[in-house]
Structures are given as structure tokens and as C-alpha cells.
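Written out below as C-alpha cells is the structure these notes cover.
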Ligand code: GDP
């Protein structure tokens with residue numbers, strides 16, 4: 001099948017989703033403010049329609065015999081990237097290898113720090129250098145990164161006494177042995193290889209394979225960084241057995257404590273469970289589900305108690321000890337590090353994720369999930385943000401259908417316009433800046449498609 005076929009199939013899928021977001025929001029509003037009975041009836045029937053459409057789409061995917069190809073292609077591309085990372089991280093002679101130096105002193109949580117190292121490894125890949133991570137005294141584990149994850153290199157884990165120059169125009173740094181990176185937010189000048197860009201040479205294959213190439217690419221970087229030490233691997237396996245972790249299962253991440261009111265809004269458990277219910281309602285039209293199951297991760301222990309009370313027909317899997325060590329006052333300990341690694345691991349193994357993408361915890365889980373399927377990009381529902389990488393370069397969408405603003409809240413669109421997207425309101429509309437007209441406002445989400453940004457990175461011909 002052609003690239004066009006894959007893109008068109010994904011477009012129809014997305015159109016169904018956006019159409020349903022629109023109808024659902026409008027009908028819910030009408031049910032509350034207008035004719036409760038009529039709107040409720042239409043809502044119920046429309047929901048059935050929507051399920052059928054989704055099943056029709058799924059049947060198309062199932063019969064196009066591309067599933068095997070997707071799986072194989074995803075695996076092959078993943079292996080290629082892992083080999084390239086292995087290559088830059090294990091130079092023949094460490095003393096002669098050019099390096100990128102990063103440390104973990106960024107004062108933030110695990111997901112945020114992991115993303116900091118992710119950006120460092122992307123920089124190393126883009127400049128064909130070896131990443132040296134200085135992590136002793138890490139706030140989560142004083143012994144450093146290697147207390148839980150494999151060292152980033154077998155033979156090159158320190159800067160060999162080389163002084164490092166701070167990041168500046170990369171053209172002036174070509175001959176420097178070591179370059180030290182600041183946090184992404186204070187990076188200047190900003191190179192074009194930062195997320196959401198993907199390597200140009202991989203882009204054609206990735207665009208055919210995946211609905212969100214940038215998250216796939218970030219997922220591969222995270223995968224390399226978080227290869228577990230044998231003791232962590234054993235721990236993961238034994239927790240897996242103890243929790244009797246198995247699918248079908250939806251991962252729910254509820255971020256509370258210090259995040260609420262500062263960086264994100266409060267969302268009640270019902271808001272998450274509404275989407276879990278929708279997931280299982282759809283699944284049950286295709287197969288029998290003996291018991292509806294969720295894996296619940298949170299930094300607030302009361303969430304699990306409330307979920308068990310309100311949803312007794314669900315099997316709710318979580319590890320209460322982990323949640324106890326996740327709250328703000330116990331956060332920066334080895335125990336809490338183990339907890340967040342395990343929680344993210346199990347979230348990433350779920351069939352579907354319901355969470356807030358404002359949290360780096362859920363974004364990491366979503367990134368890791370991509371390494372396990374051909375294309376897992378549609379397997380999520382975020383209650384707030386669309387996927388993003390903190391400190392990313394501009395995220396653009398491309399207009400595919402003309403739009404004339406219907407109110408002063410909306411903006412005009414012409415095919416080919418680039419829109420800097422600020423967010424999807426999950427009601428059929430997104431908000432963004434039309435770069436041609438300079439106007440910011442709402443537009444129907446289905447009239448745009450994602451614009452994949454590429455960056456020329458080394459081709460790594462040495463790696464087969
Ligand atoms: P963000 O603040 O949610 O964007 O994510 P960060 O990872 O940067 O910081 C939040 C930190 O809170 C995590 O790294 C954990 O230490 C803790 N935390 C938040 N949610 C959970 C959870 O579901 N499980 C566990 N074990 N810890 C959590």
C-alpha cells in the first residue's frame with residue numbers, strides 16, 4: 001500500500017474522532033441546557049453510530065494486511081535507531097571522542113529530568129557526539145543514573161578531564177572536544193534538530209508508519225536512556241507477577257498534589273473514567289471483556305480509594321506502597337524513584353492511556369508505548385494538552401480545507417496555511433496562530449493535519 005493510502009486511512013480515523021468530539025460536546029450541552037430528553041436520546045444513538053464507524057475503520061485496518069508490515073517496519077526502524085545510539089555512545093577511543101556533557105541538576109521531577117536527558121541525547125545524535133551524563137548527587141538517587149539504569153556507554157562515561165565549552169553557535173563549536181548543554185529553556189541559539197523535529201533520513205519511512213513521528217522518535221531516545229539495570233529488571237518482573245498485570249487494560253494517570261492549581265487544573269476521577277468506559281464500551285462490541293481493568297497511577301493515595309468506591313465493577317490495579325512515596329513530601333528518595341519508574345512502565349504497557357498531557361509522567365508513558373507497536377499514536381485520551389515536548393520548537397499544523405470564520409472567536413484558513421497550534425479543545429475545535437494572517441483563534445480541527453518537521457542529521461552509514 002502507498003503512503004497516500006496510509007495517510008488517508010489515518011485521516012478518516014481522525015475525522016471520525018473530531019466529528020464525535022464536536023457532536024458529543026454540543027449534545028451534552030443541549031442535554032443540560034435545552035431539551036434533556038431529546039438531546040439525551042440523540043446522544044445515545046449518535047454514540048452507537050460513532051462506535052460502528054470506529055469498528056468499520058478497525059475492520060479496514062484488519063483487512064488491509066498491513067498490520068504485519070507495520071509491526072515489522074516499527075521493529076526494524078526501532079532497531080536501527082537503537083544501533084545508531086549504541087554507536088555514538090560507544091566510541092572506539094573515548095579520549096578522542098567528541099562529547100556532549102549534561103547534568104541532572106535541573107530542579108524538577110523525574111519525567112522532566114528524563115526529558116532533559118532526552119534532549120541531550122538528541123543533541124548528541126544530531127552532532128554525532130557521545131553523551132556524557134554527570135548524575136552523581138541526583139535528587140532522586142545520590143548514587144546517580146546508573147543506580148537504576150544501564151550506563152549510557154560501556155567505555156565512555158566521563159569527560160576524561162576535558163574542559164567543556166558552553167553551547168553557542170554550533171558552527172563555532174565544531175572543533176571543541178566537549179560541549180556542555182544548558183536546560184532546553186535557556187538554549188541559545190536554538191538548533192533545528194530540537195523536538196518535534198525528526199531525522200530527515202528516517203522521515204519518509206516514519207511518516208508512512210506512524211501517526212505522530214516525533215513522539216515515536218522521542219520514544220526511541222527514552223527507550224535507550226531507560227534500559228534497566230538487572231536488579232531493576234528483576235524488580236519489574238516480580239511486581240508484574242504480584243499485580244497480575246494483563247490486558248485488556250487501560251492506564252489512568254491522575255496527577256494531583258503540587259501540580260493542581262499551579263500548572264494544571266483539577267480533574268475529578270469521573271472525568272477520566274468517562275473515557276475508560278467509552279474505551280471498554282467500544283471494545284465490548286468486538287470481544288468479550290471478562291472484567292474491566294485499569295492500572296491506576298497517581299501521586300495522591302486518595303484517588304485509588306475513591307475509584308474503588310465509585311467503580312466497584314472495575315478491577316483497579318495499583319501498588320499502594322508506590323503511591324505513598326509519590327506525594328510531594330516524600331518525593332526525592334530512592335523509593336520514590338523506584339515508584340515512578342514502575343508506574344510509568346506499567347502505564348506504558350497498557351492498551352490505552354487516559355491522563356493529562358500537562359504531566360510529563362504521562363507523556364513519558366505515551367512515548368514509551370510507541371516503541372511497542374507499529375503505531376500507538378491514537379491510543380490515548382488527554383484531558384488537557386495535546387502532546388508536546390517541553391521547550392520544543394514551534395509545532396505547526398497545515399491547513400487542508402478552506403475555512404471562513406463563523407464568529408469573531410474563529411480564524412480563516414486557506415489550504416497550505418501553517419498554523420502554530422496552541423491546543424486542541426477536544427470539542428471539534430483547536431486554537432492556534434495562522435502564520436499567514438497573523439490572527440489567533442479557533443478553527444475546526446479536521447481542517448488541518450499535522451506538519452512533520454524534519455532536520456538534517458548524520459546518516460550513520462557506519463551502522464547497518
Ligand atoms: P509533572 O510535574 O507531572 O509534569 O511530572 P514530573 O515527572 O516532572 O514530576 C512529577 C513527579 O511527581 C514525578 O516525577 C514523581 O516523582 C511524582 N509523581 C507524579 N505522579 C506520579 C504517579 O502517578 N506515580 C508515582 N509513583 N509518582 C508520581
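The values are calculated or read from the model by the stated rules, or taken from the named source; none is laboratory data. No experiment lies behind these values; they were computed from the predicted model shown. Please note: Cβ atoms are built from the backbone with ideal geometry, for glycine as well, and neighbour counts cover all protein chains shown.
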If you go through the range 125-144 one residue at a time, do you hit one that is assigned to a helix (DSSP H, G or I), at pLDDT 95 or above, more than 14 Å from the ligand (Cβ to nearest atom) and farther than 24 Å from residue 365 by Cβ? yes
Failed condition for residue 297, given (1) within 13 Å of the ligand (Cβ to nearest atom); (2) at pLDDT 95 or above; (3) out of contact with any strand residue (DSSP E or B) (no Cβ under 8 Å at 6 or more places or on another chain); (4) not in a helix (DSSP H, G or I): (3)
Looking at the range 399-415, can you tell me whether even one residue there is in contact with a helix residue (DSSP H, G or I) (Cβ under 9 Å, 6 or more places away or on another chain), under 25 Å from residue 273 (Cβ atoms) and crowded, with 18+ Cβ neighbours inside 10 Å? no
Residue selected from the range 169-180 under the condition farther than 15 Å from residue 126 by Cα and out of contact with any strand residue (DSSP E or B) (no Cβ under 7 Å at 6 or more places or on another chain), by the criterion surrounded by the fewest Cβ atoms within 10 Å (Cβ to Cβ): 175
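Being touching a residue at least 60 places away in the same chain (Cβ under 8 Å), within 16 Å of the ligand (Cβ to nearest atom) and either surrounded by 14 or more Cβ atoms within 10 Å (Cβ to Cβ) or more than 14 Å from residue 252 (Cβ to Cβ) (or both): is that true of residue 325 here? Full working, then the answer.
On the way: touching a residue at least 60 places away in the same chain (Cβ under 8 Å): no; within 16 Å of the ligand (Cβ to nearest atom): yes; either surrounded by 14 or more Cβ atoms within 10 Å (Cβ to Cβ) or more than 14 Å from residue 252 (Cβ to Cβ) (or both): yes.
In short, no.
Quick check on the range 300-312: of everything there that is away from the ligand (no atom under 16 Å from the Cβ) and closer than 26 Å to residue 21 by Cα, which residue is surrounded by the most Cβ atoms within 10 Å (Cβ to Cβ)?
First, the residues of the range 300-312 that are away from the ligand (no atom under 16 Å from the Cβ): 308-312.
If we keep only those that are closer than 26 Å to residue 21 by Cα too, we end up with 310-311.
Working: 310: 12, 311: 17.
Among them, the one singled out is 311.
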Hey, does the range 81-102 have a residue that's within 29 Å of residue 372 (Cβ to Cβ), free of Cβ contacts under 8 Å to residues at least 40 places away in the same chain, crowded, with 17+ Cβ neighbours inside 10 Å and within 21 Å of the chain's Cα centre (by Cα)? no
Run down 351, 412 and say which single residue is at pLDDT 95 or above, farther than 29 Å from residue 119 by Cα and more than 16 Å from the ligand (Cβ to nearest atom). 412
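Which of the residues belonging to the range 254-275 are assigned to a helix (DSSP H, G or I), within 13 Å of the ligand (Cβ to nearest atom) and either buried (at least 18 other Cβ atoms within 10 Å of the Cβ) or within 19 Å of the chain's Cα centre (by Cα) (or both)?
From the range 254-275, those assigned to a helix (DSSP H, G or I) are 257-259, 269-275; that's our starting set.
Filter again for within 13 Å of the ligand (Cβ to nearest atom), leaving 257-259, 272.
Within the range 254-275, 259, 272 qualify.
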Which residue is nearest to the ligand (Cβ to nearest atom), if the candidates are limited to the range 65-114 and must be in contact with a strand residue (DSSP E or B) (Cβ under 7 Å, 6 or more places away or on another chain) and assigned to a helix (DSSP H, G or I)? 89
Given the options 356, 371, name the one that is in contact (Cβ under 8 Å) with a residue 40 or more places away in the chain, in contact with a helix residue (DSSP H, G or I) (Cβ under 7 Å, 6 or more places away or on another chain) and away from the ligand (no atom under 16 Å from the Cβ). 371
The range 145-161 - residue that is more than 16 Å from the ligand (Cβ to nearest atom) and buried (at least 17 other Cβ atoms within 10 Å of the Cβ) and, of those, farthest from the chain's Cα centre (by Cα): 159
